[in-house]
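Enquirer: Can you keep this structure in mind? I'll have questions shortly.
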Amino acid sequence: MSDVAVVLRWLLLYGAFLVAALPIARLLFPSAPDDGAGFAIPIATVVVTMVAFYVGQFSFGPWTALVAVAALVALGAVGHRLAQRRGLADYDWKRVAGAFAVFAVGFGFVLALRSMNPVMSGWGGEKFLHTGLLNAVLRAEALPPEDMWYAGKPVRYYYGLPVFNAVAAFLTDTSVEYVHNVALAGYFGTLVVGAYSLCGWITRDRGYSRRLGGALGVFFVAFAGNAVTAVRFALGQLPRDLAVEWGRAAFNLNRSDYPQILFEQSSLSSWGWWDTRYVVEGTLQEFPLYSFVKADMHGHTVTTGFLVLSAALAYAYVQAPATARKRRAGLLFGGLGAVAGYFGVTNTWSLPSAVGMAWLAVVYAGPHPATLVPGSVGERLKAVAPDRDESRRSLVLAEAWRTVLAAVVAAGVGGVGYALASPFLLASVPPNDGIGLFPPRTTAAGVLLIYGALLALFATYLFTRFRAVKDGEATDVLEALVVTALVVAAGALVGDLGAIVVLLPVVAGAWLAMRFRESAGFEAMLVVGGVGLVLAMELVHAKVHPFELARWNTTLKVAIQGWVFCGLAAGPVAAILVGDVRAAAPSLAEVRQSSAATATTAVSVVLAVVLVSSALFAPLVVATDVVGPYQDGEEPSLNGYADHRDAHPQEVAAMEWFEDEVSATQSVLWMERETGTPTFVEKPGLSRGWQNPVSTLTGLPTVAGWFHETGYRGDDPYYQRVDDVGILYETTDARSRAVLLDKYDVQYVWVGPLEREEYDLASLGDDPGIEAVYRNDAVTVYEVHHDELTDRTE
């Protein structure tokens, strides 16, 4: 299978998905300038994933893929009929093709990155975990699949993503070695095209350039990096002693390799992207491009494009008139509810974000939340609070009641999402201790180092929104901001509020602009959502593994969501500011002569600094991860297993024999897969790297796999299995070994280099019922015949 053939098949698949889902997108987003084409691929992905997820609870395989596609086509056909009735079936195919071209740009960008380093490595991430999950799903007879690292039990991890990836692999007849890299590119393309479409749509509706807004949206969402890269390079220009003194804040405060890491990260010759997320102690705060460069199939990485879809649905709701009650309810409970359900099975951390988008949209939209309820009940609900026009008191009461009702509506959206994802949420969620309050906080310097460029952009935007209103209204806004500032200042006197001092005024200002400024639009709501998520990480955290690091997983999973919404706001905001600057002073001469010269110049400087500081990461990554390896003679490839075949030829050869020996081939039309999940035993992976390669690269279940299982099963159950595996390999008592082989229903025992290095191996082949069935220079595979094992009843 050639790389080119794989890429073309997947492009064809995504093109077919776009066309199939286009009628649905047209109905959901009738006023979108591209007929909703930019959201068709994520819509298709949601439909295919959820149908395969539900059908797979009973039976999973190639037929499941066909059923999922049939459901998408049927839904698209129904959507087309409805679009015809409403006069919406006149698709602009030129713009549809343009949307697919934008998708292809993002798709190709990640393919270029992965082609220089395609290996599914056990180092520097969790590609072994995601490779194992994909292989386990490909083998599964039903969902959830058996855990490849904890034989006999179903996985306790998001398996919605490998379900879609497996379906796509079936449909494109793609060998598993390629699926991770090509699917990752598809998710990035989904993010890019969604950002372009939504930001261009918002910007057009605000009276500015759609293309500029779309391009800036793509930049800020998908290609921008945090401000710390620019700061670290700036530190490198200072005298050495001064750089060391002031530079520690730009790294985890307790790093043992400081200041060496400072000098590495401030030089072009030694810069590396890995340390860009390590800024605030005890946190991992990523942005989308970083996560896609890291290239794990993490839910927080690859579901970013669906956060864009949730924002687009919120925007469609905001545009719906009060009289279109059914449409508004459908967008909330059908649209955002479905996206919330999708998040439930692919990245539960994002489910609250879909609910939050629903809440903000209902608060922001013109129609009162009570109008979602028909008849007199809705009228009575609306009448609970006075109209906001009468007095300041009535304004506060009306806004508070609107906000509360919006929260109730959003809770209903969350309920729909939970119900849709319930087969996973009720059975497969890892153990946790709930929600914790007030975790260790980020310093003000820390949050500025990560989000400073975006916050500067938003502060400039908010200033220009408030400056553009009437004096009387501006006074009211100023009073509200002063009160906010006083509250923050008072809090700072009694405790270190750190990042809260920076973030809360931006959220408050954006909320006021969202509710009361005609010069602000949907982008202000996105500022509230994005910066609000960053602020939320300072107030709450999930009590999950690793429990000793309170914010570790919370920041890893939530920071990127905040970045996506901030990026969606930043695209239109930057386009609006550019447009305003151009309108205020079409020429340099007019700038100098204008009474607004200072403000115009300040806005221009902010835009320039924001763009430059945000743009450094992407070209540096391309230079180090694509151009450099290519110039060094690296051959492009998308095969994630090729390096393993070169580095571990005997082990891989034994794995291929093992798979053939224990598997049955299932064929449906052009689709084939290997089935069968006999339990075997190999050395547990207590560290990263080339650990548990057999279970990972085949999907066959082993008794104990990577130490990650402690987060899914608990320490004691996992380490009990680890101890049992050690006994199984080392004991000289055939009866004890037989008891353990029975306990875990082990059918095969793998003895390779890792096992020989770790254990003082017993002579396994001397036991009754244990037979060597394969040997090469590195590996021996034993088959277990349980009816011939030493008597276990004594």
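Any read-out appearing in this document is the output of simple, stated calculations on the displayed coordinates, not a laboratory observation. Being a predicted model, the structure only gives us computed values, none of them experimental. Here Cβ is always computed from backbone atoms with ideal geometry, including for glycine, and neighbour counts include all displayed protein chains.
Enquirer: If the cut-off is a Cα-Cα distance under 19 Å, which lysines reach Lys543, setting aside same-chain residues fewer than 8 apart in sequence?
Expert: Partners found: Lys557.
Enquirer: Could you state the angle between the C-alpha long axis of helix 444-467 and the longest principal axis of the C-alpha atoms of the chain, as a value from 0 to 90 degrees rounded to the nearest 10?
Expert: Tilt relative to the chain: about 30 degrees.
Enquirer: Using the Cα centre of region 1-208 as the reference point, and only Cβ charges (+1 on K/R, -1 on D/E), how large is the resulting charge dipole? Debye, rounded to the nearest 20. Could the numbers behind the result be given before it?
Expert: Details: 14 positive and 12 negative charges, 94 e Å.
Rounded to the nearest 20 debye, it is 460 debye.
Enquirer: Would you calculate a helix-derived [θ] at 222 nm for the chain, using -39,500 (n - 2.57) for each DSSP H run of n ≥ 4 and dividing by the full residue count, to the nearest 500?
Expert: Working: 35 runs with 488 residues, N = 794.
Dividing the helical sum by the residues of the chain leaves -20000 deg cm²/dmol.
Enquirer: Order of 445-451, 92-98, 747-753 by packing, highest average Cβ count within 10 Å first? Can you show the working numbers first?
Expert: Details: 445-451: 23.4, 92-98: 14.4, 747-753: 21.0.
Listed from highest to lowest mean packing, they are 445-451, 747-753, 92-98.
Enquirer: Treating only the Cβ of Lys, Arg, Asp and Glu as charged (+1, +1, -1, -1), what charge dipole size does the chain show about its Cα centre? Round to the nearest 20 debye.
Expert: 4780
Enquirer: Next up: Return the label of the correct value of mean projected area of the Cα convex hull in nm², as calculated from the structure shown, out of (1) 44.4; (2) 38.3; (3) 53.4.
Expert: Recomputing mean projected area of the Cα convex hull in nm² here picks out (2).
Enquirer: Angle between the Cα long axis of helix 176-205 and the longest principal axis of the chain, 0 to 90 degrees, nearest 10?
Expert: 10
Enquirer: Okay, next question. Between Leu82 and Glu379, what's the calculated FRET efficiency when r is the beta-carbon distance and R0 is 35 Å? Round to 0.05.
Expert: So, using R0 = 35 Å, E works out to roughly 0.70.
Enquirer: Also, I was wondering about something else. Output the peptides 181-188, 761-768 sorted from most to least packed, where packing is the average of other Cβ atoms within 10 Å over each peptide's residues.
Expert: Details: 181-188: 26.4, 761-768: 14.0.
The peptides rank, most packed first, as 181-188, 761-768.
Enquirer: Could you tell me which of rounded, prolate or oblate describes region 659-794, using a ≥ b ≥ c as the square roots of the eigenvalues of the alpha-carbon gyration tensor, with rounded for a/c under 1.5 and, failing that, prolate when a/b is larger than b/c and oblate otherwise? Present the calculation step by step, with values, prior to reporting the outcome.
Expert: On the way: a/c = 1.56, a/b = 1.20, b/c = 1.30.
It comes out oblate by the Cα gyration axes.
Enquirer: Further, regarding this structure: Expected output is a single nm value to one decimal: the length gained when fully extending between Asp766 and Trp123, i.e. 0.36 nm times separation in residues minus the C-alpha distance. What is it? If you can, show how the numbers build up before the last one.
Expert: Numbers: separation 643, 0.36 × 643 = 231.48 nm, distance 3.65 nm.
This chain segment gains 227.8 nm when fully extended.
Enquirer: How much length is gained if the chain between Gln57 and Arg211 is pulled fully straight, taking 0.36 nm per residue apart and subtracting their Cα-Cα distance, in nm to one decimal?
Expert: Numbers: separation 154, 0.36 × 154 = 55.44 nm, distance 4.35 nm.
Full extension of this stretch gives 51.1 nm more.
Enquirer: Expressed in nm to one decimal, what extension gain is obtained for the pair Arg325 and Ile727 from 0.36 nm per residue of sequence separation less their Cα-Cα distance? Could the numbers behind the result be given before it?
Expert: Details: separation 402, 0.36 × 402 = 144.72 nm, distance 6.60 nm.
Answer, rounded to one decimal: 138.1 nm.
Enquirer: Going 7 Å from the Cα of Ser422 in the Cα-to-Cβ direction, what parts of region 316-337 have a backbone nitrogen less than 18 Å from that spot?
Expert: Residues passing the 18 Å test: 333-334, 337.
Enquirer: Excluding residues fewer than 8 places away in the same chain, name every one of the aspartates and glutamates whose C-alpha is closer than 17 Å to that of Lys326.
Expert: Straight-line reach from Lys326, under 17 Å: Glu379.
Enquirer: Okay, next question. Sort 497-507, 156-166 by the packing proxy (mean of other Cβ within 10 Å over each peptide's residues), most packed first.
Expert: Numbers: 497-507: 21.3, 156-166: 26.3.
Put in order of decreasing packing, that is 156-166, 497-507.
Enquirer: Between region 496-546 and region 150-173, how far is it from one alpha carbon centroid to the other, in angstrom?
Expert: 35
Enquirer: In addition: Once you put a point 7 Å from the Cα of Thr675 and another 7 Å from the Cα of Glu788, both along the Cβ direction, what distance in nm separates them?
Expert: Taking the simple label geometry, Thr675 and Glu788 are separated by 2.8 nm.
Enquirer: Give me the distance in nm between label points sitting 7 Å out from Cα along the Cα-to-Cβ direction at Lys94 and Glu518, one decimal.
Expert: Distance between the two pseudo-spin positions: 3.5 nm.
Enquirer: Calculate how steeply helix 93-115 sits against the longest principal axis of the alpha-carbon atoms of the chain, using the helix alpha-carbon long axis, and give the answer as 0 to 90 degrees to the nearest 10.
Expert: Once rounded, the angle reads 50 degrees.
Enquirer: Another one. Between Arg756 and Ala407, what FRET efficiency follows from the Cβ-Cβ distance if R0 is 60 Å, with the result rounded to 0.05?
Expert: The calculated FRET efficiency here is 0.50.
Enquirer: With a Förster radius of 35 Å, plug the Cβ-Cβ distance of Ala642 and Trp274 into 1/(1 + (r/R0)^6) and report the FRET value to the nearest 0.05. Don't jump to the answer; show the numbers that get you there.
Expert: Numbers: r = 23 Å, r/R0 = 0.66.
The formula returns an efficiency of 0.95 here.
Enquirer: A further question on this structure: Roughly what would the spin-label model give for Ala602 and Tyr774, points 7 Å off Cα along C-beta, in nm?
Expert: My value for the distance between the label points is 7.0 nm.
Enquirer: Mean 1/r over all different Cα pairs, inverted: what Kirkwood radius does region 638-683 give, in Å?
Expert: On the way: mean 1/r = 0.0799 Å⁻¹.
For region 638-683, the Kirkwood estimate is 12.5 Å.
Enquirer: State the antiparallel share, in %, of DSSP beta bridges confined to the chain, rounding to the nearest 5. Kindly include the intermediate steps, with their values, before the conclusion.
Expert: Values: 18 of 22 bridges.
Just about 80 percent of them are antiparallel.
Enquirer: How would you classify region 2-116 from its alpha-carbon gyration tensor, with a ≥ b ≥ c the square roots of the eigenvalues: rounded for a/c under 1.5, else prolate if a/b is greater than b/c, otherwise oblate?
Expert: Details: a/c = 2.44, a/b = 1.12, b/c = 2.18.
In terms of gyration-tensor shape, oblate.
Enquirer: Roughly speaking, what is the centre-to-centre gap between region 218-237 and region 255-309 when only Cα atoms are used, to the nearest Å?
Expert: A separation of 11 Å, based on Cα centres.
Enquirer: What is the Cα centroid distance between region 727-794 and region 342-390, reported in whole angstrom?
Expert: 61
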